[in-house]
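The values are calculated or read from the model by the stated rules, or taken from the named source; none is laboratory data. Note that the structure is a prediction, hence the values are computed from the model and not measured. As a convention, Cβ positions derive from the backbone with ideal geometry for all residues, glycine included, and neighbour counts pool all protein chains shown. Accessible surface areas use protein heavy atoms only, side chains included; no ligands, DNA or RNA. Shrake-Rupley method; radii C 1.70, N 1.55, O 1.52, S 1.80 Å.
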2 protein chains.
Amino acid sequence: MTPGVMKYPSRMPRWEPDAHGRLREAAMALFERRGYNETTVADIAKLAGLTKRTFFRYYADKREVLFAGSEELQAALVAGVEAAPADVGPFEAAAIGLDAIAPFFEERRDFSVRRQLVIDSSTELQERELIKRERLAEAVATALRRRGTEEPAASLAAQTAIAVFHVAFGRWVSDDHRETFLEQLHEARETLSTFAPAPAS
Amino acid sequence: MTPGVMKYPSRMPRWEPDAHGRLREAAMALFERRGYNETTVADIAKLAGLTKRTFFRYYADKREVLFAGSEELQAALVAGVEAAPADVGPFEAAAIGLDAIAPFFEERRDFSVRRQLVIDSSTELQERELIKRERLAEAVATALRRRGTEEPAASLAAQTAIAVFHVAFGRWVSDDHRETFLEQLHEARETLSTFAPAPAS
């Protein structure tokens, strides 16, 4: 995008070209360089050449830089599950939902890799990520129940699908071979299908 | 156990019959009656007829009343996985580990049910429980890798087994039919085996 020349009346807030992107990049750079705990919102705003006030127009706090978009992602996953054909089983429906959100990550591979390293550096962030993952699983279980799946199948299919997502994601962000996230998802499902859990004795 | 008549020199701490059990029961009663957040260590000690000093001989803080024994449980699960026959697959080995710890819960059904209600009442406790569950999964994955399972199979088998554990546990503590925890574990595995994940396309 080429920023055009825009004119505002003098009392309106200044237009800051791509303030959102600049804040995110400044935050990531500081998290990497200085450490997440050691970075303040003031530091981020300063590096981005913006004010704290502007930061808070985009993010509630510094953690939000890493977790923005979680709700949208969850909504897209649920929509993917809901769009699955009515005749597929619950795990397959959840897996179709995962396939639907794969492009979201694929388009942001560099950010995903950098973000993961920051997450791995902080217990607080790891815990937040774990909670986000559990919420995803609960949202998928709810979507499956709406499709008519009963318990314990709905929760089990959701939890298993999110396990596939988690393991595939971890491999994708640490993979030098540059397999796509979709390929990692499919590999994880393939591996799961080899387990052939023994029926209850 | 019948407490015998014991004599200590006067400068030794007084012998408190089953102080550990009394503190636990007092804590649970207060968590249920007053709420977890509203209960202090002083309250717990007072209701148990003991001192705060005695409380801290048994527990680091009030949360510890609910999470004591987690390390032992994890060690028992890992030992169960390690004791699985060498020729069973990774998920089966993890499931054998779960079967091995089922009696631990079975013997404490009433406590488990009460504990779960307290956990469900507090976001902080739910998060702590989630972290404990993730640690269990990581410990199982490590045990599977020691058995020679490679990635992603080790992490996937561990995560899936812990999902089975979690779902079975939730049903067991809220189940009026009084199925055993082992039965719930086996039912969850049976359900999982019906998913038949489609191989990667």
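With the requirement that a residue be surrounded by 15 or more Cβ atoms within 10 Å (Cβ to Cβ), in a helix (DSSP H, G or I), more than 18 Å from the chain's Cα centre (by Cα) and free of Cβ contacts under 8 Å to residues at least 40 places away in the same chain, what does the stretch B:16-35 give you?
B:Ala19, B:Arg22, B:Ala26, B:Ala29, B:Leu30
Rundown of residues vs (1) in contact (Cβ under 8 Å) with a residue 12 or more places away in the chain; (2) closer than 19 Å to B:Ala154 by Cβ, yes/no style:
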{"position": "A:Glu127", "(1), (2)": "no, no"}
{"position": "A:Arg145", "(1), (2)": "no, no"}
{"position": "A:Gly148", "(1), (2)": "no, no"}
{"position": "A:Ile162", "(1), (2)": "yes, yes"}
{"position": "A:Trp172", "(1), (2)": "yes, yes"}
{"position": "A:His186", "(1), (2)": "no, yes"}
{"position": "A:Arg189", "(1), (2)": "yes, yes"}
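Could you check the stretch B:36-65 and list, in sequence order, the residues that are over 21 Å from B:Pro17 (Cα atoms) and open to solvent by less than 20 Å² (accessible area, probe 1.4 Å)?
Once the filter is applied, which keeps residues that are over 21 Å from B:Pro17 (Cα atoms) and open to solvent by less than 20 Å² (accessible area, probe 1.4 Å), the stretch B:36-65 yields B:Tyr36, B:Thr39.
Would you be able to say whether some residue in the stretch B:129-144 is under 12 Å from the mean Cα position of the chain (by Cα) and small (Gly, Ala, Ser)?
no
Mind counting the residues in the stretch A:81-98 that are of a type in the set (Gly, Ala, Ser) and open to solvent by 70 Å² or more (accessible area, probe 1.4 Å)? Working first, answer last.
Of all residues in the stretch A:81-98, those of a type in the set (Gly, Ala, Ser) come to A:83-84, A:86, A:89, A:93-95, A:97.
From what's left, open to solvent by 70 Å² or more (accessible area, probe 1.4 Å): A:83, A:86.
Of the residues in that region, 2 qualify.
Checking the condition at pLDDT 95 or above, closer than 22 Å to A:Ile162 by Cα and not β-branched (Val, Ile, Thr), which residue from A:Leu136, A:Leu73 passes? Even if it seems obvious, please write down each step before you answer.
Values: A:Leu73 fails: at pLDDT 95 or above.
Matching residue, one of A:Leu136, A:Leu73: A:Leu136.
Given the residues A:Glu151, A:Glu179, which is the only one that is at the interface with chain B (Cβ under 8 Å from one of its Cβ atoms), modelled with pLDDT under 95 and farther than 16 Å from A:Ala100 by Cβ? Give the derivation first.
Working: A:Glu179 fails: at the interface with chain B (Cβ under 8 Å from one of its Cβ atoms).
Only one candidate qualifies: A:Glu151.
Taking A:Ile101 as the residue in question, decide whether it is among the β-branched types (Val, Ile, Thr), within 13 Å of chain B (Cβ to nearest Cβ), in contact with a Leu (Cβ under 6 Å, 6 or more places away or on another chain) and open to solvent by less than 10 Å² (accessible area, probe 1.4 Å).
On the way: among the β-branched types (Val, Ile, Thr): yes; within 13 Å of chain B (Cβ to nearest Cβ): no; in contact with a Leu (Cβ under 6 Å, 6 or more places away or on another chain): yes; open to solvent by less than 10 Å² (accessible area, probe 1.4 Å): yes.
For A:Ile101, the condition - among the β-branched types (Val, Ile, Thr), within 13 Å of chain B (Cβ to nearest Cβ), in contact with a Leu (Cβ under 6 Å, 6 or more places away or on another chain) and open to solvent by less than 10 Å² (accessible area, probe 1.4 Å) - is not met.
Considering only residues of the stretch B:109-148 that are of a type in the set (Ser, Thr, Tyr) and farther than 16 Å from B:Ala68 by Cα, which is nearest to the other protein chains (Cβ to nearest Cβ)?
Step one: filter the stretch B:109-148 for residues of a type in the set (Ser, Thr, Tyr), giving B:112, B:121-123, B:142.
Among the residues that remain, those that are also farther than 16 Å from B:Ala68 by Cα are: B:121-123, B:142.
On the way: B:Ser121: 17, B:Ser122: 14, B:Thr123: 9, B:Thr142: 14 Å.
Out of the qualifying residues, it is B:Thr123.
If I go through the stretch A:145-157 residue by residue, how many of them are among the hydroxyl-bearing types (Ser, Thr, Tyr) and under 23 Å from the mean Cα position of the chain (by Cα)?
At the first step, the residues of the stretch A:145-157 found to be among the hydroxyl-bearing types (Ser, Thr, Tyr) are A:149, A:155.
This time we only want the ones that are under 23 Å from the mean Cα position of the chain (by Cα), so: A:155.
Residues that pass the stated criteria total 1.
Can you tell me which condition A:Ala84 does not meet? The list is (1) of a type in the set (A, V, I, L, M); (2) assigned to a helix (DSSP H, G or I); (3) at pLDDT 95 or above, and all the others hold.
Against the list (1) of a type in the set (A, V, I, L, M); (2) assigned to a helix (DSSP H, G or I); (3) at pLDDT 95 or above, A:Ala84 comes up short only on (2).
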